[in-house]
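The values are calculated or read from the model by the stated rules, or taken from the named source; none is laboratory data. Computed from a predicted model, the values in this text were never measured in an experiment. Please note: Cβ atoms are built from the backbone with ideal geometry, for glycine as well, and neighbour counts cover all protein chains shown. We work out accessible area using only protein heavy atoms, side chains counted, and drop any ligands, DNA or RNA first. Shrake-Rupley method; radii C 1.70, N 1.55, O 1.52, S 1.80 Å.
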Amino acid sequence: MQEANRTKSPSRALGRISPVAGAVLALSLLAGCQTSPLQQSPETANSSVGTGSAQTAGEQHGKAKTPPAPKPVVITNLWDRIIPGLAMNLDQDEPRIRAELHYYRRHQGYFDRVINRASPYLYHIVEEVQERNMPMEMALLPVVESAFDPFAYSHGRAAGLWQFIPSTGRHYGLKQNWWYDGRRDILASTDAALDYLQELHDEFNDWELALAAYNAGRGTVASAIRKNRKKGKPTDFWSLSLPRETTAYVPRLIAISKIVRDSDTHNITVNRVANKPYFDVVETGQQIDLARAASLAKIDIDELYRLNPGFNRWATDPEGPHHLLVPIDKADHFRQVLTSLPAERRLQWQRYTIRSGDSLLTISKRYQTSVDLIKEVNNLTSNTIVAGKALLIPVPSEDSEAYALSAEQRKLARQSRSVSGRQKMQYQVKPGDSFWLIAKEYDVNVRALAKWNSMAPTDTLRAGQQLVIWTEPGKENSGIIRKVNYQVRNGDNLSLIAGRFNVKVNQIKQWNTLPGKYLQPGQQLTLYVDVTSTN
């Protein structure tokens with residue numbers, strides 16, 4: 001994993017609360033409810049003070065008057081629950097915090113975008129943080145991690161609101177496969193992230209150190225503490241030598257939390273978020289086409305994907321989870337129609353006759369499904385198939401463009417997004433290619449190349465994979481690449497062959513498994529050659 005608060009007047013989204021109201025809110029939170037009693041009204045207070053000279057008519061006749069019941073304070077703005085729960089030291093005078101504050105004060109638009117993205121998820125996260133009695137700063141951590149973008153994917157292969165890398169995600173029970181990535185699942189990833197943060201706090205007994213470990217890894221922080229201890233130096237977060245990203249990470253969360261708490265002071269409007277659940281969980285029981293689910297729930301399919309970003313494809317994972325998050329006002333209707341929907345209508349099916357040369361892999365790619373699902377549906381115990389026989393294939397009910405937020409369509413959209421001052425070219429990955437080699441060949445940045453293709457620089461490329469490269473005008477490779485089978489001749493060596501075909505020696509080595517140090521006459525080599533530039 002490499003990679004925030006007083007009540008606002010009606011005219012502003014967020015402001016200051018009085019000390020009395022703040023105490024009332026704090027008491028209500030400790031009691032585990034969302035309402036709290038107001039202090040007594042002036043009339044009630046006056047009736048309970050004095051020596052009897054101000055007795056009411058009822059009291060004079062021997063009847064005690066029952067005071068009116070206190071009116072509950074209903075918290076309608078979620079920030080009014082978050083602010084009293086901020087428990088870290090937000091008022092320390094640290095240059096790194098001041099630097100982050102300086103940046104955020106000048107970016108009102110950033111806060112508007114982030115809070116708009118956070119609105120569907122924030123209530124659930126606040127509920128979970130409060131249930132665990134953790135500082136409310138933890139509910140704001142996705143602002144730092146992903147800007148509350150559930151589809152965020154970093155250069156370090158971290159994904160989702162909480163930016164889990166694959167290995168850490170698996171360690172905390174987040175399943176990752178072709179159909180589903182639990183690192184993006186709102187419920188599962190929030191639970192895992194808070195588990196992880198609690199575990200780190202138990203280890204370091206300090207929330208600043210726990211956050212640093214969440215970003216840099218517990219080993220990195222533990223090592224920095226040991227080094228300072230040996231030198232007799234303090235071991236608090238501010239005294240440790242940590243990676244550059246981590247040194248800004250904790251100050252960033254503190255700065256965001258300060259702005260949320262004291263928005264007026266920092267001249268930032270923190271837009272209101274309703275203090276009520278946005279979504280409900282509806283059990284589906286089995287795999288379902290997401291376009292069909294959206295239609296049944298009467299919501300836009302993009303909204304369904306944003307509430308269920310863990311699903312990579314056009315349908316839910318056949319192995320589960322078998323539930324969907326839907327807007328709370330649509331949940332009862334969706335449950336009702338699901339109960340009357342026959343199992344065979346949850347997916348669309350196509351009968352396919354196997355052709356000579358087919359494999360389960362090629363068929364699954366053609367129909368945007370998985371080999372395992374085809375085998376399960378057709379009761380196949382192996383990957384062997386026979387030409388002429390038929391298979392039943394689950395297929396999307398809509399064109400691929402309808403599933404615009406599926407993993408494949410998000411990737412295509414990013415590849416099609418123009419880059420200012422550059423020209424787009426298509427590139428087919430060759431055996432032995434890596435992001436580093438391609439970036440070097442086309443004089444582009446490795447991270448930019450990976451980002452253009454919704455990947456990380458450390459991701460593995462496969463031969464035949466299509467990439468986009470945004471090159472500077474005049475630098476794009478306009479040649480025609482062809483696969484060439486070359487037979488080694490007497491006197492050949494790698495340098496001579498590389499020069500003859502205008503390729504690099506290292507490329508020839510990557511394209512071929514060479515058995516020895518020297519080439520042998522008659523040996524076959526595979527080359528990928530620009531046929532317009534050979535000697």
Looking only at the stretch 264-308, how many residues end up being open to solvent by 20 Å² or more (accessible area, probe 1.4 Å), part of a strand (DSSP E or B) and β-branched (Val, Ile, Thr)?
1
Number of the exception - Gly173 against (1) open to solvent by 20 Å² or more (accessible area, probe 1.4 Å); (2) within 29 Å of Val446 (Cα to Cα); (3) touching a helix residue (DSSP H, G or I) at 6+ places or on another chain (Cβ under 8 Å); (4) part of a loop (DSSP other than H, G, I, E, B)
(2)
Only unsatisfied item for Gly320, checking (1) within 19 Å of Leu187 (Cβ to Cβ); (2) in contact with a strand residue (DSSP E or B) (Cβ under 7 Å, 6 or more places away or on another chain); (3) surrounded by fewer than 17 Cβ atoms within 10 Å (Cβ to Cβ); (4) not aromatic (Phe, Trp, Tyr), is (2)
Answer with yes or no whether Thr339 is among the hydroxyl-bearing types (Ser, Thr, Tyr), within 25 Å of Asp280 (Cα to Cα) and open to solvent by 40 Å² or more (accessible area, probe 1.4 Å).
yes
For the stretch 344-379, enumerate the residues that are surrounded by fewer than 16 Cβ atoms within 10 Å (Cβ to Cβ) and under 16 Å from Trp314 (Cβ atoms).
Arg345, Trp349, Gln350, Lys365, Arg366
Restricting the stretch 399-411 to residues that are touching an Asp or Glu at 6+ places or on another chain (Cβ under 9 Å) and either of a type outside the set (A, V, I, L, M, F, W, C) or at pLDDT below 85 (or both), the one surrounded by the most Cβ atoms within 10 Å (Cβ to Cβ) turns out to be Gln409
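This table checks each residue for (1) surrounded by fewer than 18 Cβ atoms within 10 Å (Cβ to Cβ); (2) touching a helix residue (DSSP H, G or I) at 6+ places or on another chain (Cβ under 9 Å); (3) closer than 21 Å to Trp511 by Cα; (4) at pLDDT below 85.
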residue	(1), (2), (3), (4)
Arg422	yes, no, no, yes
Leu437	yes, yes, yes, no
Asn445	yes, yes, no, no
Ser454	yes, yes, no, yes
Leu467	no, yes, yes, no
Trp470	no, yes, no, no
Ile480	yes, no, yes, yes
Lys483	yes, no, yes, yes
Would you mind telling me which numbered condition in (1) open to solvent by less than 10 Å² (accessible area, probe 1.4 Å); (2) on the phi > 0 side of the Ramachandran plot; (3) touching a Leu at 6+ places or on another chain (Cβ under 8 Å); (4) not polar (S, T, N, Q) Phe311 fails?
(2)
When Glu441 is run through (1) surrounded by fewer than 16 Cβ atoms within 10 Å (Cβ to Cβ); (2) closer than 25 Å to His155 by Cα; (3) at pLDDT 85 or above, the failure sits at (3)
For the stretch 89-121, name all the residues that are out of contact with any Ser or Thr (no Cβ under 7 Å at 6 or more places or on another chain) and assigned to a loop (DSSP other than H, G, I, E, B).
Asn89, Asp91, Gln92, Asp93, Glu94, Arg106, His107
Quick one: Gly285 ticks every box in (1) modelled with pLDDT under 95; (2) over 28 Å from Ser370 (Cα atoms) bar one, so which box is it?
(2)
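Among the residues that make up the stretch 243-263, is at least one of them assigned to a loop (DSSP other than H, G, I, E, B) and open to solvent by 70 Å² or more (accessible area, probe 1.4 Å)? Show your work before the answer.
First pass over the stretch 243-263, keeping only residues assigned to a loop (DSSP other than H, G, I, E, B): 243, 262-263.
If we keep only those that are open to solvent by 70 Å² or more (accessible area, probe 1.4 Å) as well, we get none.
No; the residues of the stretch 243-263 include none that is assigned to a loop (DSSP other than H, G, I, E, B) and open to solvent by 70 Å² or more (accessible area, probe 1.4 Å).
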